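What follows is a short report on a single structure.
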Amino acid sequence: MPELPEVETIVRGLKRTILNKTIDLIYLNSPKINKGNFEGWLDILHGKSFRDVNRRGKNILIESSSGYTLWVHLKMTGHLYYVPKNNAIDKHDLMVFYLQNDDYSLRFNDYRRFGNIRLLKSDESRQQKGLATLGPEPLEISRNDFIKLFQTTKRMIKPALLDQTFLAGLGNIYADESLFLAGIHPRRLTNTISEKKLIELYGIIQNILKKAISKMGTSVDSFAGVDGKPGGYQTYLKAYGREGEPCWRCGAKIKREKIGSRSAHYCPRCQKLR
Ligand SMILES: [Zn+2]
């Protein structure tokens with residue numbers, strides 16, 4: 001699933017490609033895509049331009065000049081592609097936005113169809129369920145607030161990091177990588193971690209996310225940017241997806257274990273549960 005760096009890569013790609021372009025036509029290839037409320041979209045969006053593109057956690061918010069915002073969640077295999085408008089429509093191109101005076105179109109493509117696009121009134125978007133409940137942004141939260149977040153709750157750290165209402169944007173890849181580099185066992189209880197260690201984790205999470213953004217994300221599955229190109233951070237992964245391979249620090253075999261409902265990858269020697 002695309003996480004913060006992948007979604008940020010898409011948002012930056014959209015800023016480069018569709019910003020200030022005017023919507024001409026919208027083609028809907030799948031009536032299920034937006035939970036059946038497509039009616040009226042073209043009336044609202046035709047002749048209007050894309051005014052801003054922002055990310056909140058793993059959500060993409062594309063604001064239009066109509067006073068409405070497109071809210072996109074890519075879930076497992078959703079993609080936003082900016083492709084020549086004459087390219088044949090793929091059966092997984094669920095929605096296509098044709099733009100005025102542009103030889104390209106914006107396509108929402110999703111072969112597993114868990115992703116979604118919704119249309120919200122821009123001034124109500126921040127109050128939407130699913131957006132209003134999001135936790136702080138890991139690249140924006142202050143160090144003190146980050147420490148407080150962990151000290152004031154008692155739960156296993158790995159599921160906490162995946163919980164979007166706790167911290168918004170991390171998924172399995174970057175949570176596993178962060179805990180590996182910090183040497184924290186994924187089952188460790190949040191309130192038992194020393195302040196010194198939390199400060200270290202804060203820096204590690206920010207560094208990993210920034211580096212992954214600079215590499216245009218991680219492509220271990222189908223992730224690609226709006227230009228269709230994969231990211232490059234997968235070559236830097238040290239724990240995620242490396243089950244049975246030697247830890248680069250100590251040589252022990254990386255373990256994969258189900259914690260909560262997700263599998264965690266960690267080094268049993270470097271990430272001891274004290
Ligand atoms: Zn190790």
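The values are calculated or read from the model by the stated rules, or taken from the named source; none is laboratory data. What you are looking at is a predicted structure, and each value in this text was computed from that prediction instead of being measured. Cβ atoms come from the backbone with ideal geometry, glycine included; neighbour counts cover every protein chain shown.
For the reader, a short list of remarks on this structure follows.
- Matching residues, segment 202-246, being touching a residue at least 40 places away in the same chain (Cβ under 8 Å) and among the hydrophobic types (A, V, I, L, M, F, W, C): 205, 209, 212, 213, 216, 220, 223, 224, 226, 237, 239
- Every listed requirement among (1) buried (at least 17 other Cβ atoms within 10 Å of the Cβ); (2) of a type in the set (Lys, Arg); (3) more than 13 Å from the ligand (Cβ to nearest atom) is met by residue 210 save one, (1).
Here is a yes/no grid of residues against (1) farther than 18 Å from residue 143 by Cβ; (2) of a type in the set (A, V, I, L, M):
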{"residue": "183", "(1), (2)": "yes, no"}
{"residue": "188", "(1), (2)": "yes, no"}
{"residue": "206", "(1), (2)": "no, no"}
{"residue": "209", "(1), (2)": "no, yes"}
{"residue": "221", "(1), (2)": "yes, no"}
{"residue": "248", "(1), (2)": "yes, no"}
{"residue": "262", "(1), (2)": "yes, no"}
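- Filter result for residue 259 (more than 14 Å from the ligand (Cβ to nearest atom) and of a type outside the set (S, T, N, Q)): yes
- Whenever a residue of segment 6-17 is in the same structural domain as residue 77 (by TED's automatic domain parsing), its partners that are assigned to a helix (DSSP H, G or I), lying with C-beta atoms within less than 7 angstrom and at least six residues away or across chains, give the pairs 8/213; 9/213.
- Residues of segment 162-207 satisfying the condition of being buried (at least 18 other Cβ atoms within 10 Å of the Cβ) and in contact with a Ser or Thr (Cβ under 6 Å, 6 or more places away or on another chain): 173, 190, 204, 205
- Take the conditions (1) more than 11 Å from the ligand (Cβ to nearest atom); (2) part of a loop (DSSP other than H, G, I, E, B); (3) over 28 Å from residue 80 (Cα atoms); residue 271 misses just one of them, which is (1).
- Number of positions in segment 126-160 that are basic (Lys, Arg), surrounded by 14 or more Cβ atoms within 10 Å (Cβ to Cβ) and free of Cβ contacts under 8 Å to residues at least 40 places away in the same chain: 1
- Within segment 218-255, the residues that satisfy the criterion of being assigned to a strand (DSSP E or B) and either away from the ligand (no atom under 16 Å from the Cβ) or of a type in the set (D, E, K, R) (or both) are 253, 255.
- Identity of the residue in segment 213-225, surrounded by 20 or more Cβ atoms within 10 Å (Cβ to Cβ) and in contact with a Ser or Thr (Cβ under 6 Å, 6 or more places away or on another chain), that ends up farthest from residue 265 (Cα to Cα): 225
- All positions within segment 45-65 that are buried (at least 16 other Cβ atoms within 10 Å of the Cβ) and either farther than 22 Å from residue 132 by Cα or at pLDDT below 95 (or both): 45, 49, 50, 65
- Members of segment 99-118 found to be closer than 18 Å to residue 45 by Cα and either over 22 Å from the mean Cα position of the chain (by Cα) or among the hydrophobic types (A, V, I, L, M, F, W, C) (or both), listed by number: 99, 100, 101, 102, 104, 105, 106, 108, 117
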